[in-house]
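Trainee: There's a structure below that I have some questions on.
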Amino acid sequence: MAMQRPFKILGIQQIAIGGPSKEKLKTLWVDMLGLEVTGNFVSERENVDEDICAMGTGPFKVEVDLMQPLDADKKPAVHATPLNHVGLWVDNLPVAVEWLSAQGVRFAPGGIRRGAAGFDITFLHPKGNDQFPIGGEGVLIELVQAPPEVVDAFARLAG
């Protein structure tokens with residue numbers, strides 16, 4: 001029996017790749033593969049210095065974040081897993097969080113907040129626990145509120 005979900009996952013918004021040095025990451029992703037650096041985000045709380053890169057354009061643009069820790073000995077260790085997280089566009093983030101939580105999905109601390117690219121975001125925890133048994137099975141997953149133009153573009157594509 002299929003469950004009726006009150007939201008849709010539209011597509012990939014971003015992938016985030018961590019390493020000890022974002023310069024080495026930029027050699028591959030920017031110099032070799034041709035992605036464009038569109039911004040930079042530094043956060044002591046998140047222990048990250050990241051270059052925000054882009055591939056594609058418009059509503060189908062995918063962000064590739066190249067991250068290094070501000071302090072390699074502190075948490076979160078953005079470089080400890082090279083593929084740090086995958087970000088998914090969602091059409092209604094608050095409804096998705098409410099519904100997923102009610103189904104037993106575990107979210108990482110921090111709740112819904114403004115992300116590096118300016119969109120509201122939250123993270124599904126990589127591991128479930130007793131209270132919320134469904135997690136990312138080792139993968140950190142970011143849910144990103146899609147802006148109206150992205151929601152519309154995906155609806156046109158699907159329709």
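The values are calculated or read from the model by the stated rules, or taken from the named source; none is laboratory data. Predicted model, so just to flag it, every value in this text is computed and none were measured. All Cβ positions, glycine included, derive from the backbone under ideal geometry; neighbour counts span all protein chains shown. Just the protein is used for accessible areas: all its heavy atoms, side chains included, with ligands, DNA and RNA removed. Shrake-Rupley method; radii C 1.70, N 1.55, O 1.52, S 1.80 Å.
Trainee: Just name the residue that is surrounded by the most Cβ atoms within 10 Å (Cβ to Cβ) out of those in the stretch 59-88 that are over 30 Å from LEU157 (Cα atoms) and of a type in the set (Val, Ile, Thr).
Mentor: Residue satisfying both the conditions and the ranking: VAL78.
Trainee: Which condition number in (1) under 13 Å from the mean Cα position of the chain (by Cα); (2) under 16 Å from GLY115 (Cβ atoms) is the one that GLY11 fails?
Mentor: Condition (2) is where GLY11 drops out.
Trainee: Also, quick follow-up: Does ARG5 count as closer than 16 Å to ILE121 by Cβ, at pLDDT below 95 and among the charged types (D, E, K, R)?
Mentor: Numbers: closer than 16 Å to ILE121 by Cβ: no; at pLDDT below 95: yes; among the charged types (D, E, K, R): yes.
So ARG5 fails the test.
Trainee: Which of (1) open to solvent by less than 30 Å² (accessible area, probe 1.4 Å); (2) more than 18 Å from the chain's Cα centre (by Cα) does ASN129 not meet, given it meets every other one?
Mentor: The number of the failed condition is (1).
Trainee: Another question about this same structure. List the residue pairs whose Cβ atoms are under 9 Å apart, where the first residue sits in the stretch 29-46 and is more than 13 Å from LEU70 (Cβ to Cβ) and touching a residue at least 12 places away in the same chain (Cβ under 8 Å), the second is open to solvent by less than 50 Å² (accessible area, probe 1.4 Å) and part of a loop (DSSP other than H, G, I, E, B), and the two are 6 or more positions apart or on different chains.
Mentor: TRP29/LEU35; THR38/ALA117; GLY39/ALA116; GLY39/ALA117
Trainee: If you take the residues of the stretch 4-14 that are in a loop (DSSP other than H, G, I, E, B) and open to solvent by less than 80 Å² (accessible area, probe 1.4 Å), which of them is farthest from LEU157 (Cα to Cα)?
Mentor: Within the stretch 4-14, the match that is farthest from LEU157 (Cα to Cα) is PRO6.
Trainee: If MET55 satisfies all but one of (1) under 17 Å from the mean Cα position of the chain (by Cα); (2) touching a residue at least 40 places away in the same chain (Cβ under 8 Å); (3) open to solvent by 30 Å² or more (accessible area, probe 1.4 Å), what's the number of the condition it fails?
Mentor: Only one criterion in (1) under 17 Å from the mean Cα position of the chain (by Cα); (2) touching a residue at least 40 places away in the same chain (Cβ under 8 Å); (3) open to solvent by 30 Å² or more (accessible area, probe 1.4 Å) is unmet by MET55, namely (2).
Trainee: Take residues that are among the hydrophobic types (A, V, I, L, M, F, W, C) and in contact (Cβ under 8 Å) with a residue 40 or more places away in the chain and tell me which of the strands (runs of 3 or more DSSP E) falling wholly in the stretch 63-159 contain 3 or more.
Mentor: Numbers: elements: 83-90, 120-124, 140-145.
Passing ranges, in order: 83-90, 140-145.
Trainee: Which members of the stretch 15-59 meet the condition of being part of a loop (DSSP other than H, G, I, E, B), in contact with a helix residue (DSSP H, G or I) (Cβ under 6 Å, 6 or more places away or on another chain) and under 27 Å from PRO109 (Cβ atoms)?
Mentor: Taking the stretch 15-59 and keeping what is part of a loop (DSSP other than H, G, I, E, B), we get 19-21, 33-35, 44-47, 56-57.
Still in the list and also in contact with a helix residue (DSSP H, G or I) (Cβ under 6 Å, 6 or more places away or on another chain): 19, 35.
Once the filter is applied, which keeps residues that are part of a loop (DSSP other than H, G, I, E, B), in contact with a helix residue (DSSP H, G or I) (Cβ under 6 Å, 6 or more places away or on another chain) and under 27 Å from PRO109 (Cβ atoms), the stretch 15-59 yields only GLY19.
Trainee: In the set GLY136, GLY118, GLY159, which member is of a type outside the set (A, V, I, L, M) and open to solvent by less than 20 Å² (accessible area, probe 1.4 Å)?
Mentor: From the options GLY136, GLY118, GLY159, the qualifying one is GLY136.
Trainee: Within the bounds of the stretch 34-43, is there any residue that is within 20 Å of GLN145 (Cβ to Cβ) and either crowded, with 20+ Cβ neighbours inside 10 Å or out of contact with any strand residue (DSSP E or B) (no Cβ under 9 Å at 6 or more places or on another chain) (or both)?
Mentor: Among the residues of the stretch 34-43, not one is within 20 Å of GLN145 (Cβ to Cβ) and either crowded, with 20+ Cβ neighbours inside 10 Å or out of contact with any strand residue (DSSP E or B) (no Cβ under 9 Å at 6 or more places or on another chain) (or both), which makes the answer no.
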